[in-house]
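The values are calculated or read from the model by the stated rules, or taken from the named source; none is laboratory data. The structure presented is a predicted model; accordingly, all values stated were derived computationally and were not measured. All Cβ positions, even for glycine, are placed from backbone atoms using ideal geometry, and neighbour counts span all protein chains on display. Heavy atoms of the whole protein, side chains included, go into the accessibility calculation; ligands, DNA and RNA do not. Shrake-Rupley method; radii C 1.70, N 1.55, O 1.52, S 1.80 Å.
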Amino acid sequence: MERPKLADLVASALSEAIGGGRWEERLPGSRVLAEEFGASVPTVSKALRQLERQGLIEGCGSRKAYRIADPGDARRSPDLPAPERKAIILTHADIGTLPHSTRQVIDTSRAMLVRRGWSVESRTFDFLHAKRPHRSWDHLVPLDPELPMVAVFGRHALEKWAHGHGLRMAFLGGTTARPETPMIAVKSSLLAAEAVRRLTDMGHRRIILPVCDRPPAFADSIKQAVREGLERVGVTYVPKFHTPESDYQRPDVIRGMIESAFASNPPTAIVMLDWKEFVTAACALARMGFLIPRDVSVVILNEQAETDWFLPKLSCFRFPVTRMASAVARWVSEGTSTAGSNFLSADFDEGGSIAPPRER
């Protein structure tokens, strides 16, 4: 599916702002609008011409700002198509940079909704690290209570913002504080618990799972899963060793965690939350001369298409993409307001990157 052009998104945002009465008579200049909407001046100019053709605004000369047309005599093109049912997917980063399984769920749910007559747009702004709602968000999406929005890796600040505006929003992964916010996800703490159980059953005791740049509630659930899994086999849980933490997710941070662990009490198994972190960890292991799985076993919780290209084949969890996408499409299209979390299970692919620990 082709993504909407940026000019179309800016035009839609401008239209919503005009309809909401943000400006009384005239719009600000193109440069001001470009800065506000995070687009180039040519893109904003293209969006303005689009609204002019639709009769929402009127030009006032080449160097004057557009005037908002009087609704009573707005000259809308008679051949404009009837409005479609629309849904919006919110992401904190470009969709192409998201984990493979997440991209699959987005693409599959989008295709399901299009077949049902929906138009699906994507909007991107960084809500992932926001501590509180931002007023600028009010201008990035339509503040329409009837418009379904699915936030990928939603966070408390976004949830609070949506609730304050009475918006209809569900989370595809993430963390929630309000029970009325629907959540569709695979619970990472359950995957961590399963990974630790499989590794400890093989005889592993020195297991580490780095936790970098994750929300406190998410991090706590991961640490709890690791602690319970280790204590099940009589191992004392040491947070700084078993689940090292950092507020930053950078290659040097991950590399430092791995090297520090092997310098003090070499682990026999590593569980990684995502592909990027695993790549850095694998490089660090190779530089130190450790082989997978001869010297250290590795499990990755969030699968990536590239996992099958790694040798040996990585042990990972395969997400239920179709079931997750169906849940998203059902929530959007059926207008359900059912609250609560819909956590789905994932299948473990044993691969070839885990083995019983070697004596050192």
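Go through (1) open to solvent by less than 70 Å² (accessible area, probe 1.4 Å); (2) over 18 Å from E194 (Cα atoms) one by one and return the number of the condition R323 breaks.
Evaluating R323 over (1) open to solvent by less than 70 Å² (accessible area, probe 1.4 Å); (2) over 18 Å from E194 (Cα atoms) leaves (1) as the failure.
Say we look at the stretch 341-353 and pick out the residues that are under 19 Å from the mean Cα position of the chain (by Cα) and open to solvent by less than 40 Å² (accessible area, probe 1.4 Å); which of these is modelled with the lowest pLDDT?
It comes out as L344.
If I ask for residues that are under 23 Å from the mean Cα position of the chain (by Cα), more than 16 Å from E350 (Cα to Cα) and not in a loop (DSSP other than H, G, I, E, B), which ones from the stretch 191-221 would you list?
Scanning the stretch 191-221 gives V211, C212, P216, A217, F218, A219, D220, S221.
Out of the stretch 194-220, which residues are open to solvent by 40 Å² or more (accessible area, probe 1.4 Å) and touching a Lys or Arg at 6+ places or on another chain (Cβ under 9 Å)?
Listed by number, the residues that qualify are R197, D213.
May I ask you to say which residue of R135, R198 is charged (D, E, K, R) and modelled with pLDDT under 90?
R135
Any chance the stretch 157-174 includes a residue that's more than 28 Å from L14 (Cβ to Cβ) and either part of a helix (DSSP H, G or I) or β-branched (V, I, T) (or both)?
Among the residues of the stretch 157-174, not one is more than 28 Å from L14 (Cβ to Cβ) and either part of a helix (DSSP H, G or I) or β-branched (V, I, T) (or both), which makes the answer no.
Taking the stretch 122-137 only, how many residues are crowded, with 17+ Cβ neighbours inside 10 Å and not in a strand (DSSP E or B)?
So the answer is 6.
Can you say whether I258 is in contact (Cβ under 8 Å) with a residue 12 or more places away in the chain, closer than 18 Å to I300 by Cα, out of contact with any Asp or Glu (no Cβ under 7 Å at 6 or more places or on another chain) and of a type outside the set (F, W, Y), as far as the supplied structure shows?
So I258 passes the test.
Looking at P28, P42, P81, which one is part of a loop (DSSP other than H, G, I, E, B), out of contact with any Leu (no Cβ under 6 Å at 6 or more places or on another chain), open to solvent by 30 Å² or more (accessible area, probe 1.4 Å) and at pLDDT 80 or above?
Only one candidate passes the filter, namely P28.
Look through the stretch 301-316, keep the residues that are of a type in the set (A, V, I, L, M, F, W, C) and within 18 Å of the chain's Cα centre (by Cα), and return whichever of them is farthest from I89 (Cα to Cα).
The selected residue is L301.
Scan the stretch 140-167 for residues that are buried (at least 18 other Cβ atoms within 10 Å of the Cβ) and either of a type outside the set (A, V, I, L, M, F, W, C) or in contact with a Gly (Cβ under 6 Å, 6 or more places away or on another chain) (or both) and jot them down.
Those that are buried (at least 18 other Cβ atoms within 10 Å of the Cβ) and either of a type outside the set (A, V, I, L, M, F, W, C) or in contact with a Gly (Cβ under 6 Å, 6 or more places away or on another chain) (or both): P142, P148, F153, G154, R155, H156, E159.
From A261, A185, which residue is closer than 24 Å to L291 by Cα and in contact with a strand residue (DSSP E or B) (Cβ under 7 Å, 6 or more places away or on another chain)?
Answer to the check: A261.
V299 fails exactly one of the following numbered conditions: (1) in a loop (DSSP other than H, G, I, E, B); (2) buried (at least 22 other Cβ atoms within 10 Å of the Cβ); (3) among the hydrophobic types (A, V, I, L, M, F, W, C). What is the number of that condition?
That leaves (1) as the condition not met.
Here are the criteria: (1) modelled with pLDDT under 90; (2) out of contact with any Gly (no Cβ under 8 Å at 6 or more places or on another chain); (3) buried (at least 16 other Cβ atoms within 10 Å of the Cβ). Tell me which single one T176 does not satisfy.
The one condition T176 does not meet is (2).
Check off (1) open to solvent by 20 Å² or more (accessible area, probe 1.4 Å); (2) touching a helix residue (DSSP H, G or I) at 6+ places or on another chain (Cβ under 9 Å); (3) aliphatic (A, V, I, L, M) for A93 and give me the number that stays unchecked.
(2)
Quick one: how many residues across the stretch 219-246 are of a type in the set (A, V, I, L, M) and within 18 Å of L190 (Cβ to Cβ)?
Final tally of qualifying residues: 5.
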